Each structure stands twice: as structure tokens, then as C-alpha cells.
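The values are calculated or read from the model by the stated rules, or taken from the named source; none is laboratory data. Because the structure is a prediction, the values reported are computed rather than measured. Please note: Cβ atoms are built from the backbone with ideal geometry, for glycine as well, and neighbour counts cover all protein chains shown. The protein model used for the area step is the full one, side chains on, heavy atoms only, and it has no ligands, DNA or RNA in it. Shrake-Rupley method; radii C 1.70, N 1.55, O 1.52, S 1.80 Å.
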Amino acid sequence: MLRSDLAAAFMLLTRLPVPGSAGAPDVARCVWAFPVVGLVVNLAAGLVYRLGYEAGLPPLLAAAWTVAAALAMTGAFHEDGLADTADGFGGGGSRERKLEIMRDSRIGSFGALALLLSVLVRVAAISALARPGVVAAALVAAGMLGRSGMVLLVIAIRPARADGMGASMGGLRVGPAAAGLGMAVAASFALLPARPAAALVLLSVAVSLGMAKLAAAQIGGYTGDVLGACEVATECVVLTAGTVAFGA
């Protein structure tokens, strides 16, 4: 069961080839593995940064390739949700119109700006952290906290639609959810000094709860796009705070 849950989580959140991933994933059951996806994706991205850094690339250029690698592994899945959420929340006047815009595959000005800013923030933060070991630790913490933040948001509010990925998480089980959240928190304290780890965990919780409040006010709940937006926002905040914590 653990293997099938891991396969389901990677199939759902990445473009990585996953053996034994046939069939539709049980989203509500595999949420505990979401932080594992963040660990693997961002650890691999951290390795890209180290390779670039040791090859003599300037930190800014190495950081750009690092973010590009992460986006390639996830297929920009979360970024797509960020863009749709920004367009819907920014461009719709009513709940129904916001949800309609969020289902439109076209990207508007709000979505384009959100994507641009999210990439700029991550590239700037990674290049400011500079040292490969610090970059890897911060990336893994951000990736795991970002994916666990999606789970926390689901716990906080109800789905806005009766269909889609968001609705499929409506039957979330307490045990798997708690396991995923605990894993992300434990990893943060294992990777980082206690004070920075505590600050980053608290900030990630604040982002998730803030996104939950915003989504509830805008569309009456969460959707899969909102979950993606929450993940990206959490990574951006965690990495930004990491530059302060490590004196970058």
C-alpha cells in the first residue's frame, strides 16, 4: 500500500515516470506522500544547483537552471494552478465567474504576472542563499512544506466544486493527512537549525491558512488550482524567509 500511495502521489504531482502507476490515483489516501514528492523534486533541483555552482556558473544563473529543473519535473503543475487562481480571483466579479475563469486554459494578465513573480522570487532567493548545502536544505524544506500546505488547506475549508481534483480530496482521512504534515515538520527541523525551522514551519502554516481564508471569501472553498497556488506561494515565502534566516 505504501508503494502504491507513493506511485499515486508522484503520478499526480509530477511528470516523472512512475513504475506501477496504472489506474486513477486515490488522492484522499495518498496525501501523506505529497511531502515525499516535494523532497524528491527539490532535492534533485538542489543537485542541479550544486552541479552548476561547481561548474563555475554565477549563483543567479545556477538558480535559474535549478528552478527550470523543478518545473520540468512537475510539468509546472502547481504553477498552472497559480495562474488560474490569480486570473479567477483577480478578474471575476462573482463566484460563478471566478470559477469559470479558473477553468479557462488561457492565461490572462493576473496569471502571467503571478507566474513571472513566483519564478523571480524563487530564482532570487536561491541565488541569495548561494551555498549549495544551504540551497539544498532550504529547497527540500520549502518543497515538503509547500506540499503539506496543500493538505492543511484541504483540512481548513471545503471544496468549491463537486468535481475535479479538489473534490477528490474532500474525503481526506485524518491519519494520512497528519502523517504528511508531521513528516514535513520533522524534515524541516532535521535539515535546519531549530529557530529557522520553527519560523519556516509557522510561516508555511500562515500561508496555507491565509490562502484558505482568501479562497473561502472568493469562491466559497478550494479547487485543485487553489491547492497549486498554495504550494507555489508557500515555497516562495519559505525560500524568501530562508534568505533572512541564513543572513543572505
Can you go through 40, 36 and tell me which one is assigned to a helix (DSSP H, G or I) and free of Cβ contacts under 8 Å to residues at least 60 places away in the same chain? 40
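Okay, residues lined up against (1) under 17 Å from the mean Cα position of the chain (by Cα); (2) assigned to a helix (DSSP H, G or I); (3) of a type in the set (A, V, I, L, M):
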site	(1), (2), (3)
102	no, yes, yes
106	no, no, no
110	no, yes, no
127	no, yes, no
134	no, yes, yes
140	yes, yes, yes
143	yes, yes, no
Within the range 218-235, is there a residue that is among the small types (Gly, Ala, Ser) and without any contact (Cβ under 8 Å) to a residue 12 or more places away in the chain? no
Identify, by number, the condition in (1) modelled with pLDDT of 90 or more; (2) over 18 Å from the mean Cα position of the chain (by Cα) that residue 38 doesn't meet. (2)
Only one of 129, 145 that is under 30 Å from residue 8 (Cβ atoms) and buried (at least 17 other Cβ atoms within 10 Å of the Cβ): 145
Residue ID - most open to solvent (accessible area, probe 1.4 Å), chosen from residues in the range 205-242 that are polar (S, T, N, Q) and closer than 21 Å to residue 187 by Cα: 240
What pairs can you find where one residue is in the range 184-201 and farther than 9 Å from residue 141 by Cα and touching a residue at least 40 places away in the same chain (Cβ under 8 Å), the other is open to solvent by 20 Å² or more (accessible area, probe 1.4 Å) and not in a helix (DSSP H, G or I), and their Cβ atoms are less than 8 Å apart, with a gap of 6+ or different chains? 196/246
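Yes or no, residue by residue, for (1) at pLDDT below 95; (2) touching a Cys at 6+ places or on another chain (Cβ under 6 Å); (3) open to solvent by 20 Å² or more (accessible area, probe 1.4 Å):
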{"site": "81", "(1), (2), (3)": "no, no, no"}
{"site": "85", "(1), (2), (3)": "no, no, no"}
{"site": "93", "(1), (2), (3)": "yes, no, yes"}
{"site": "110", "(1), (2), (3)": "no, no, yes"}
{"site": "116", "(1), (2), (3)": "no, no, yes"}
{"site": "121", "(1), (2), (3)": "no, yes, yes"}
{"site": "125", "(1), (2), (3)": "no, no, no"}
Check on residue 176, under 21 Å from residue 240 (Cβ atoms) and touching a Lys or Arg at 6+ places or on another chain (Cβ under 9 Å): no
